[in-house]
Structure formats: structure tokens, C-alpha cells
Amino acid sequence: MESNDQRTPTSQGPEAQAAATPKPGRRRLLVAGIASGALVAIGSVVALVRTSGYDVPPQRARAFESLDAAQYVFVQHAARRIAAPDRDGDGAIPSPDDTDVAGFVDAYVAKMHPTVRRDLFRLFAYVEHIAPLRSGLRHRFTSLGPADQDRVLAALEAADEGLLRGGFEGLKALVFMGYYRDPRTWSILGYDGPTLKAPL
């Protein structure tokens, strides 16, 4: 006849269970603490490296309405690829820098609803830091050469995720609004300008 005195661990009281649970040694806790601290330190260094080096003239930075330096530089780089002139060298077609697309985006975004602005900034951060990694590139978008930037943007445009494709279309629309608002770009579209001039 079997004895009924054998108890399962769940039948023991809380005090017995606590006593039976092995406690991590002080050394193990110390090692875990050091490892965690090292990971935080490494993460901080990576974050610092990936978010530094965005040089903007001080007078421009003081005039920002919505963007910070990293976002402004990102828009400059994205605009140079999205609205890259078909012809260059003769000066007839202005570049996105000539038309100050990033300045336009800064002012335009300042008028957006805060939730839309937050989502747009998340898109900027994604394209700057994550999208290159998904394309097999180790550097952030603004540190890549033109060909690799085109590769990242093309992958975004053709992404399986509809949210990413929509994000790219939104970024492209912002760039084109900033670029084609300048009369010097109208000839690219075969547009001669408005038929009637606005009264002075």
C-alpha cells in the first residue's frame, strides 16, 4: 500500500517553497549587474554615435520651427535623392538644396497635428536608422552614398508592409511640395506658370 505522505511542491506552504527555491549567489548577481550595465553603456554609445554628427549652421538651427538638426539633415539627404535633377552641371535646374526643401518641410510640419507630426518623426527615424539595416547596410541613411540611399528608398517604396509604402509616399509628397513650389522647377513639368498673375 502506497503512502499518502508524499507531497507535491504545490502542496507545501509559502515558507517551505521560499526555502526550497535556490537563491542566486551574490557573485551571480554582481556578474548580472555588470553585464546589464555594460549593455546599457554600449547601447548609449551606439545611440550617441548614431545621433551625432548632424552639422547645421547655427543661424539655421536657431530658426527651426519643428525639426531638430538630425531631422533637418535627414530631409536634406532624402530630398536630394527623391527630387534629384535629371540634368545637372548647367545650373538651369535647381537642386533640392537650392529650393530649400528642408526649410519648407520644417515650416510645413510645424502646422501639422501633433499626432501626425509624431508619426512623421518616427518615419524619419526609421528611414534614417532601421531601413538601411534592412537593406544590408551598416550605416545610417545620411552617411550612405547616393546609390545606397537610392537602394534604401527603393526598398521602402516596394516594401511588403503597406504602412512603410504609405510612409514613403508621404515623404515623397512632402519633398515634391517643397521642391516644385519654386518657379525655377516648373519647366521640368512643362508648366509655364499661372495664366493670370495675382494682383500685387
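The values are calculated or read from the model by the stated rules, or taken from the named source; none is laboratory data. Here the structure is a predicted model, which is why all the values come from computation and not from measurement. Quick reminder, even Gly has a Cβ in these numbers, built from the backbone with ideal geometry, and neighbours come from all protein chains shown.
Is it the case that the range 187-197 has a residue that's surrounded by 15 or more Cβ atoms within 10 Å (Cβ to Cβ), within 21 Å of PRO96 (Cα to Cα) and touching a residue at least 60 places away in the same chain (Cβ under 8 Å)? Yes, the conditions are met somewhere in the range 187-197. The residues listed here are ALA41, ALA70, ALA61, ALA79; of these, the one that is in a helix (DSSP H, G or I), crowded, with 17+ Cβ neighbours inside 10 Å and at pLDDT below 95 is ALA70.
When restricted to residues that are farther than 13 Å from LEU123 by Cβ and out of contact with any helix residue (DSSP H, G or I) (no Cβ under 6 Å at 6 or more places or on another chain), the range 150-184 contains 13. Put simply, of ARG184, ARG140, ARG165 the only residue that is basic (Lys, Arg), crowded, with 16+ Cβ neighbours inside 10 Å and under 27 Å from ALA110 (Cβ atoms) is ARG140. Listed by first and then second residue, the pairs with beta-carbon distance under 6 Å, at least 6 apart or on different chains, first residue in the range 92-119 and in contact (Cβ under 8 Å) with a residue 40 or more places away in the chain, second buried (at least 19 other Cβ atoms within 10 Å of the Cβ) and part of a loop (DSSP other than H, G, I, E, B), are PRO96/ALA83; ASP106/LEU67.
Within the range 138-167, the set of residues being closer than 14 Å to ILE82 by Cβ and without any contact (Cβ under 8 Å) to a residue 24 or more places away in the chain comprises ARG151, ALA154, GLU157. Just one of ASP100, ASP150, ASP160, ASP119 is out of contact with any Phe, Trp or Tyr (no Cβ under 7 Å at 6 or more places or on another chain) and loosely packed, with under 13 Cβ neighbours inside 10 Å; which is it? After applying the criteria, what remains is ASP160.
Results for (1) at pLDDT 95 or above; (2) among the small types (Gly, Ala, Ser); (3) touching a Gly at 6+ places or on another chain (Cβ under 6 Å), shown as yes or no for each residue.
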site	(1), (2), (3)
VAL105	yes, no, yes
ALA110	yes, yes, no
GLU161	no, no, no
TYR180	no, no, no
ARG184	no, no, no
PRO194	no, no, no
